[in-house]
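The values are calculated or read from the model by the stated rules, or taken from the named source; none is laboratory data. Because the structure is a prediction, the values reported are computed rather than measured. We place every Cβ from the backbone using ideal geometry, glycine too, and count neighbours over all the protein chains shown.
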Amino acid sequence: MAPEPWILAAAGLLIAGVIASKTSARLGVPSLLLFLGIGMLAGTDGLIGIEFDDFELARNFGIIALAYILFSGGLGTRFRDIRPVLGQGIALASIGVVITAGLLGGIAIVLLDISTQQGLLLGAVIASTDAAAVFSILRSRGVRIDGKLASMLELESGSNDPAAVFLTLAIISVITTGETEPVRILGSFVVQMGVGALAGFVLARGAVWAINRLHLDHDGLYPVMTFGFVLLTLEGVNHIGGSGFLAVYVAGVTLAHYDYLHKRSLIRFHDAIAWLMQISMFVLLGLLVHPSRIPSVALPALAIAAVLMLVARPIAVVLTLLPFRMPVREVGFVSWVGLRGAAPIILATFPVAAGVPGGEQLFVVVFFVVFTSVLVQGTSIPFAAKALGITAPPDARSTATGSFDTVITGDEGPQLHEILVEPSAHAVGCQLVDLALPQGVLIVLVRRGSESFMPQGSTVITARDQLLVAAEHEHQDQLEAAFAAPTSESADEGDHP
């Protein structure tokens, strides 16, 4: 078999990206910045000299990568956390994106001496944010922020990519076809977002049902199933006229809310896939950039980056959040942490692939703006959080030390309960995953006859099972309702609705 140098190069770049993520925490430099640097060093003008200029391939891979990044982000978002900030997050992801794109596009027209359409296209491309990078930086520096504020930033970043994608494609369509009917464009936006959100929820509920009932012979097939589910959701919803990106994110949030087999391992799997996509995408985009072309646009691009960080983003945040009467300190922090990440650079490949005049210059400008945003905002986020006084105390649950003696003896915290399943209990014949046990309840061990085993979500409860359950004392009544025999009163109620 003849050697394939590209396989060796791909392996080396991926491993370099992983090592860079470890180095970034020590240096206080965002890992995304190092991923881009690796790609640039390996590119045509770099040390290795890999020649890569296929914008169409980068665009297609970027669409897939962004879908998996959004899906993983949704899996890490709990609906009960984002519910209190649903209005603020959606407003930032829609109105905020439009205001940012308009202000930035207007400035770009003057600074870059480009047409109105090209300026607005540049604004749309750069309009979305990347909260994953923000929280990665905060975690690496040991900084925690208020839960509601963190949830709002997560919701904004997860749902503003679809809006930026729509704006970008709409403006490209205006440039290439001359379509200029604002009512039709606005109607298309509403339809795409509505269909995307609804389809994402419905498909995710179907996925939960299928995962819990297929009973696959090999556990390793469940990640394969959800891997294909992401692609099915993305392209399937696109084909019916919805936003595939929004559907993928909503599907992730929905799956995070419900219980299903192998949930924890599937979340870890998709977290790994998201990192793989993120490293691959940034290295690939770094390969597309020729550093020798940057000096010609450096000054106007630097000015655009300054306008984005100091003018466009703050004005968009203030105007969007004004009706919600948020504290000034929190508004200031949200204004500063509008960090740009993978989405803008991926979207910057769209105009080049579509043959838009000046597309390659726009790509270089966007790359420089994102690089500057990550460098300046990324390194200063922990200082901004502390200066504005919005840091939260460390989570005692993650830092506490000591033995498990107090838990085992039942002196404090979760307690161990031994429960005998009555033949007439509601749980008999049900899978664990279908019991909808409350948060904080864990069935540790099942003893059935002379055999003891650790249960899984697919384990079916049978009469006379002995269960060892770890649970808070407050859940005692719910445990008895599930595993004990119904009282005569509840039985009477069941007979007479």
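Here are a few things to note about the model shown:
- Residue list for the stretch 191-227, filter: in a helix (DSSP H, G or I) and modelled with pLDDT under 90: ASN212, ARG213, LEU214
- Residue count for the stretch 275-299 under the criterion of being in a helix (DSSP H, G or I), buried (at least 18 other Cβ atoms within 10 Å of the Cβ) and either not aromatic (Phe, Trp, Tyr) or not assigned by TED's automatic domain parsing to the domain that holds THR100 (or both): the result is 11.
- Residue in the stretch 93-103 that is at pLDDT 85 or above, small (Gly, Ala, Ser) and closer than 15 Å to VAL334 by Cα present: yes
- Taking the stretch 107-122 as the range and being without any contact (Cβ under 8 Å) to a residue 60 or more places away in the chain and either surrounded by 21 or more Cβ atoms within 10 Å (Cβ to Cβ) or at positive phi (or both) as the test, the residues that pass are ASP113, GLY119, LEU120.
- Test: residue in the stretch 376-383 that is among the β-branched types (Val, Ile, Thr) and either farther than 27 Å from MET281 by Cβ or modelled with pLDDT of 85 or more (or both): yes
- Count of the stretch 126-149 residues, restricted to those that are modelled with pLDDT under 80 and assigned to a helix (DSSP H, G or I), is 11.
- Considering each residue of the stretch 249-257 in turn, at least one proves to be farther than 26 Å from SER458 by Cα and in contact with a Leu (Cβ under 8 Å, 6 or more places away or on another chain).
- Residues within the stretch 209-224 that are buried (at least 16 other Cβ atoms within 10 Å of the Cβ) and over 19 Å from the mean Cα position of the chain (by Cα), tallied: 3
- Within the stretch 220-244, residues that are in the same structural domain as TYR68 (by TED's automatic domain parsing) and farther than 22 Å from GLY158 by Cβ have Cβ atoms under 7 Å from residues that are of a type outside the set (A, V, I, L, M, F, W, C) and outside any helix (DSSP H, G or I) in these pairs: TYR222/HIS262, counting only partners at least 6 apart in sequence or on another chain.
- Taking first residues from the stretch 428-439 that are at pLDDT below 80 and partners that are not in a helix (DSSP H, G or I), the Cβ contacts under 7 Å between residues at least 6 apart in sequence or on separate chains come to ALA436/ASP259.
- Residue identified as crowded, with 17+ Cβ neighbours inside 10 Å, hydrophobic (A, V, I, L, M, F, W, C) and in contact (Cβ under 8 Å) with a residue 60 or more places away in the chain among ALA247, ALA251: ALA251
- Qualifying residue in the stretch 413-427 (condition: on the phi > 0 side of the Ramachandran plot and modelled with pLDDT under 75): yes
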